1. List, please: which pairs have Cβ atoms under 8 Å, are six or more places apart or on different chains, and start with a residue in the stretch 17-28 that is more than 15 Å from Ala52 (Cβ to Cβ) and end with one that is assigned to a loop (DSSP other than H, G, I, E, B) and open to solvent by 70 Å² or more (accessible area, probe 1.4 Å)?
2. Go through Gly57, Gly81 for me and flag whichever is in contact with a helix residue (DSSP H, G or I) (Cβ under 9 Å, 6 or more places away or on another chain) and on the phi > 0 side of the Ramachandran plot.
3. Step by step: first the residues of the stretch 85-134, then only those that are aromatic (Phe, Trp, Tyr) and over 14 Å from Gly161 (Cα atoms), then the one that is most open to solvent (accessible area, probe 1.4 Å). Which residue is that?
4. Considering only the stretch 40-50, I want to know if a residue exists there that is of a type in the set (D, E, K, R), out of contact with any Ser or Thr (no Cβ under 6 Å at 6 or more places or on another chain), farther than 22 Å from Arg87 by Cβ and modelled with pLDDT of 95 or more.
5. Could you run through the stretch 141-163 and say how many residues are over 16 Å from Gly127 (Cα atoms) and at pLDDT 90 or above?
6. Taking the stretch 48-84, which residues are open to solvent by 70 Å² or more (accessible area, probe 1.4 Å), within 14 Å of Ser33 (Cα to Cα), in a loop (DSSP other than H, G, I, E, B) and of a type outside the set (Lys, Arg)?
7. It is to be established whether one or more residues within the stretch 93-116 are modelled with pLDDT of 95 or more, more than 14 Å from the chain's Cα centre (by Cα), of a type in the set (A, V, I, L, M, F, W, C) and in a helix (DSSP H, G or I).
8. Only residues that are open to solvent by less than 50 Å² (accessible area, probe 1.4 Å), farther than 27 Å from Val183 by Cα, of a type outside the set (A, V, I, L, M) and outside any strand (DSSP E or B): list them for the stretch 135-152, please.
Amino acid sequence: MTSDSGYGAIVLAAGASRRMGRPKAALSYCGKSLLSHSIAHARSLSGGPVYAVVGGGYPLVRFRCASQPDRWLFNHDWPTGMASSLRAGLDAMPVMTRGVYVLLVDQPEITPGFWEAFRETVVRFAGRRPVAADLGGFAGAPAFLPRALWPELMQLSGDAGAGAVLRRRETLRVPAPGADRDVDTPADMQRLRGVRASERSKQP
């Protein structure tokens, strides 16, 4: 297998969380913030630097984050949408980085088996192919973005994420049960905690 030490990871955590009413990256789930969980997953994927792009809710999201990235990137343009945060993360990566994993903070229900399958797929193709979660037949986050895609991604604006670019390419999709259940509202968070409480009650 090809080494993945040349790959970095970006966790996008700069959103305004308007529907939640407070920074969702700072919300607690299973004893850690949602951002902490995402950074931990990023560490499991990448042999290179892990960056957290922050904006709305900063510095609270950093204060409540137990898992530290290699670098905190404050995106001054965060109110313009996700594209500016993705651009900030890509622009900050070391010049030798061959590709990056991109994770969000609002997908805590992705099943554990996805992460290893995701990483294995990236490494199997030596980081040359874009790889993404299969969201009902569409490519979406989490995703791996080879450097060859970066010039196109740097042209994105507003709330556009990498999904539109990935869907125009021959992106490898990895089954990702739970990736489509975003945590966007207080009701979503209440449901998520209810599911977790039910799981704990069933444990011997």
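The values are calculated or read from the model by the stated rules, or taken from the named source; none is laboratory data. In this text, all values refer to a predicted model and were calculated from it rather than measured experimentally. Please note: Cβ atoms are built from the backbone with ideal geometry, for glycine as well, and neighbour counts cover all protein chains shown. For the accessible areas, the whole protein counts, side chains as well, though only heavy atoms, and no ligand, DNA or RNA atoms are used. Shrake-Rupley method; radii C 1.70, N 1.55, O 1.52, S 1.80 Å.
1. Here the result reads Ser28/Arg64, each pair linking the stretch 17-28 to a residue that is assigned to a loop (DSSP other than H, G, I, E, B) and open to solvent by 70 Å² or more (accessible area, probe 1.4 Å).
2. Numbers: Gly81 fails: in contact with a helix residue (DSSP H, G or I) (Cβ under 9 Å, 6 or more places away or on another chain).
When all the criteria are applied, what remains is Gly57.
3. By that ranking, first place goes to Phe125.
4. Of the residues in the stretch 40-50, the ones of a type in the set (D, E, K, R) are 43.
Then drop every residue that is not out of contact with any Ser or Thr (no Cβ under 6 Å at 6 or more places or on another chain), which leaves 43.
Filter once more, keeping what is farther than 22 Å from Arg87 by Cβ: 43.
Okay, now just the ones that are also modelled with pLDDT of 95 or more, so 43.
Yes: the stretch 40-50 contains one or more residues that are of a type in the set (D, E, K, R), out of contact with any Ser or Thr (no Cβ under 6 Å at 6 or more places or on another chain), farther than 22 Å from Arg87 by Cβ and modelled with pLDDT of 95 or more.
5. Step one: list which residues in the stretch 141-163 are over 16 Å from Gly127 (Cα atoms), which gives 141, 151-163.
Next cut, at pLDDT 90 or above only: 141, 151-159, 162-163.
Final tally of qualifying residues: 12.
6. Once the filter is applied, which keeps residues that are open to solvent by 70 Å² or more (accessible area, probe 1.4 Å), within 14 Å of Ser33 (Cα to Cα), in a loop (DSSP other than H, G, I, E, B) and of a type outside the set (Lys, Arg), the stretch 48-84 yields Tyr58, Pro59, Ala66, Gln68.
7. no
8. Trp150
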